[in-house]
Amino acid sequence: MANSFKTALEGKDKNALIQAIPYAKMIGMQTFENTASDYLLRPLESNLGNPTLPALHGGCIGGFMENAAIVEAIFTLELAAIPRIIDFSLDYLRPGRLQETYARCHIVRQGKKVVNVAITAWQTDIESPIAKARAHLLL
């Protein structure tokens, strides 16, 4: 992963970095070229948590949002190493259906060693989020 990480940073390619993270790759995470801080979770059957609704697994939504925060911090702050999670707080607001899910990250506060990232996940309308999270990352 170290070589892939370095190559992704040099090329300023978020999708290359996401492909270098095994979990992010497995759940089908990607980013958009035209937006700075939006991420996409493709609707894969393997991400299903409740087949009767059908709904995404809560852990998949959380992992998607956590990885989005990490990737956003790496590229926004131009980090040379992967930041470590100190704390991750997630509020599930409504069921995430098996459809395209989006996340937007916003770096709220940056200190010398810690950065706070706010993450919102939605499916059809950003005004109706399925989850909101806050991540504290150690730089």
Projected label distance in nm at Lys25 and Glu45, using a 7 Å step from Cα toward the beta-carbon
2.2 nm
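Tell me the carbon and sulfur percent of the accessible area for region 9-139, rounded to whole percent, probe radius 1.4 Å. If you can, show how the numbers build up before the last one.
Details: 3570 of 6930 Å².
Taking all protein chains in place, region 9-139 shows 52 percent carbon and sulfur surface.
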Estimated distance in nm for a label pair at Glu100 and Glu127, the labels positioned 7 Å out from Cα along Cα-to-Cβ:
2.0 nm
Working note, region 95-137: Cα radius of gyration (Å, one decimal) and Dmax (Å, whole number) are 12.4, 39
May I ask you to compute the full-extension gain from Lys112 to Thr52, defined as 0.36 nm times their residue separation minus their alpha-carbon distance, rounded to one decimal in nm?
17.0 nm
Whole number please: convex hull volume per residue of the Cα set in the chain, in Å³?
95 Å³
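For region 11-139, with every protein chain kept in place, what is the accessible area per residue (1.4 Å probe, Å²)? Intermediate results must be reported in sequence, preceding the final value.
On the way: 6750 Å² over 129 residues.
Result: 52 Å² of accessible area for each residue.
What number comes out for the charge environment of Arg104, summing +1 per Lys or Arg and -1 per Asp or Glu over other residues with Cβ under 13 Å away?
Details: positive: Lys132; negative: Asp38, Glu72, Asp125, Glu127.
Spelling it out: positives minus negatives among the neighbours equals -3.
Find the relative contact order for the chain and round it to a whole percent, using C-alpha pairs within less than 8 Å whose residues are 6+ positions apart. If you can, show how the numbers build up before the last one.
On the way: 264 pairs, mean separation 29.9, N = 139.
In percent, rounded to a whole number, it is 21.
The values are calculated or read from the model by the stated rules, or taken from the named source; none is laboratory data. In this text the structure is predicted, and so the values were computed from the model without any measurement. We place every Cβ from the backbone using ideal geometry, glycine too, and count neighbours over all the protein chains shown. To get the accessible areas, we keep the full protein, side chains included, count just its heavy atoms, and leave off ligands, DNA and RNA. Shrake-Rupley method; radii C 1.70, N 1.55, O 1.52, S 1.80 Å.
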